[in-house]
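Structure, as C-alpha cells:
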Amino acid sequence: MTVIALTGAAGRLGGYLREALAKRADKVILTDRVSPEGLRANEEFRQAELDDYDAVHAALAGADVVLHFGAIADEAPWDEIWGPNFVGARNVWEAAHQHGIRRVIYASSIHAVGMYPRTQRIGVDTPHYPDSFYGLSKCFAENLGRLYWEKRGIESVMLRIYSCAQPNNERSLGVWLSPRDLVQLVEKSLDCPIVGCSVVYGVSANSRCPVSNEGAKFLGYEPVDNAEEFAPEILAAAKPDPSDKAQLHHGNVFATGDLGVSAVALMGRAEDGEG
Ligand SMILES: NC(=O)c1ccc[n+]([C@@H]2O[C@H](COP(=O)([O-])OP(=O)(O)OC[C@H]3O[C@@H](n4cnc5c(N)ncnc54)[C@H](O)[C@@H]3O)[C@@H](O)[C@H]2O)c1
C-alpha cells in the first residue's frame, strides 16, 4: 500500500502532478488551505494551514512519503512568508518524523541560488545564495531537510525548480520545466531506491540550460522537452535590453527587486507565476 501526501495540492504544480500520483498510489492525500477541484476516487482532501502544526500532523497521518509543494510561491513581506514557508517547512518535516515517513520531496527553487550571475553555470553542490526572502525560505527548508536526514534519517530530494511558466522570452528558453518533465522528476524522486539528502534542478532538456544536473545523475532523471521549440517565435519578437540587470542573474527580477515586493507582479505575468 502506497500513500502519497501532497501539500499545496490546490496549486498549479499540484494540478500538474495529481493525475500521475493518483495512477501510481493506492491513496493520495491532498492537503492545502483551500480545496482542490475534482477529487478522484483515491484522492482524499485534508484541509490544513501550513503554519498550524497540529493540522499538518493530522493531514500527513498514514502517508508513506510527502511531496511538499505548499508555499507562498513568490517574494512577499517577511510577516507573510514566515508562517507558510519557514514554519510550514518545519511542521512538514517534524510531522514526517512523528509519523515515521521515510522521504520528503520538496519543491525548492532556483531562487535559493538566484543571486549567482547567469553566466556562471551552477551545479547541485553550489552553495546557497538566495535572492529574496522567498529564496531564503527555500535555503532554510533545504537545510532543515538536511538536518532531519542527519538527525532523524528522513530522506529528501530538493527539487530546485527553475520555471514551469510557459516560455515567452529569451531567458525562459533556458529555464523552462515542462509539466511532463516535472512529473518525471517527481516520479524518479519517488522511485530512486536511495537518495539521502539530494539536490536536483527542475529544468527540461533545454539547449540553453544555465544549470548542471551532472551531480544528480543517480536519480535517472532524463527530461524530454526542450524550450528550443519556442525559440524562433520568441527570438523574432525579442528586444533584449543588455542593461537589464535582472537578466544577469539566475534569479531574474527576484534578484533585482526589493525585499518583500512581489516578483511575479514585477514580471507582469501573474497568471503563470514562477516561484
Ligand atoms: N511555479 C513555478 O515555476 C515554481 C518554480 C520554483 C518553485 N516552485 C515551488 O513549487 C511549489 C508550488 O508552486 P505553484 O506554482 O504550484 O504555486 P501555487 O501558488 O499555484 O500553489 C501553492 C499552493 O500552496 C498553498 N498554500 C499557500 N500558503 C498556504 C498555507 N499557509 N497553508 C496551506 N497551503 C498554503 C496555496 O493555497 C496553493 O494552492 C511552491 O513551493 C513554489 O515555491 C514553483
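The values are calculated or read from the model by the stated rules, or taken from the named source; none is laboratory data. Remember, predicted model here, so these are calculated numbers, not experimental data. Note: ideal-geometry Cβ built from the backbone for every residue, glycine included; neighbour counts use all protein chains shown. These area figures cover heavy atoms from the full protein model, side chains too; ligands, DNA and RNA do not enter into them. Shrake-Rupley method; radii C 1.70, N 1.55, O 1.52, S 1.80 Å.
Observations on the model:
- 1 or more residues open to solvent by less than 30 Å² (accessible area, probe 1.4 Å) and without any contact (Cβ under 8 Å) to a residue 40 or more places away in the chain: qualifying helices (runs of 4 or more DSSP H) within the stretch 1-87: 12-24, 53-59
- Answer residue from the stretch 115-157, given it is assigned to a strand (DSSP E or B) and among the aliphatic types (A, V, I, L, M) and is nearest to the ligand (Cβ to nearest atom) among those: 157
- Condition met for residue 236 (within 22 Å of residue 114 (Cβ to Cβ), part of a helix (DSSP H, G or I) and open to solvent by 60 Å² or more (accessible area, probe 1.4 Å)): no
Here's the yes/no breakdown for (1) at pLDDT below 95; (2) more than 8 Å from the ligand (Cβ to nearest atom); (3) under 17 Å from residue 94 (Cα atoms):
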site	(1), (2), (3)
15	no, no, no
49	no, no, yes
59	no, yes, yes
64	no, yes, yes
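- Residue ID - surrounded by the fewest Cβ atoms within 10 Å (Cβ to Cβ), chosen from residues in the stretch 93-114 that are assigned to a loop (DSSP other than H, G, I, E, B) and in contact (Cβ under 8 Å) with a residue 12 or more places away in the chain: 102
- Hits in the stretch 129-141 - residues which are surrounded by fewer than 21 Cβ atoms within 10 Å (Cβ to Cβ) and under 20 Å from residue 69 (Cα atoms): 136, 139, 140
- Looking at 261, 199, just one residue is modelled with pLDDT of 95 or more, assigned to a strand (DSSP E or B) and aliphatic (A, V, I, L, M), and that residue is 199.
- Considering only residues in the stretch 158-197 that are farther than 21 Å from residue 19 by Cβ and among the hydroxyl-bearing types (Ser, Thr, Tyr), the one that is farthest from the ligand (Cβ to nearest atom) turns out to be 172.
- Residue count for the stretch 204-233 satisfying the condition of being of a type in the set (Phe, Trp, Tyr), assigned to a helix (DSSP H, G or I) and buried (at least 16 other Cβ atoms within 10 Å of the Cβ): 1.
- Looking only at the stretch 27-46, and only at residues there that are more than 13 Å from the ligand (Cβ to nearest atom) and of a type in the set (D, E, K, R), the one that is nearest to residue 2 (Cα to Cα): 27
- Among (1) on the phi > 0 side of the Ramachandran plot; (2) within 12 Å of the chain's Cα centre (by Cα), the one test that residue 153 misses: (2)
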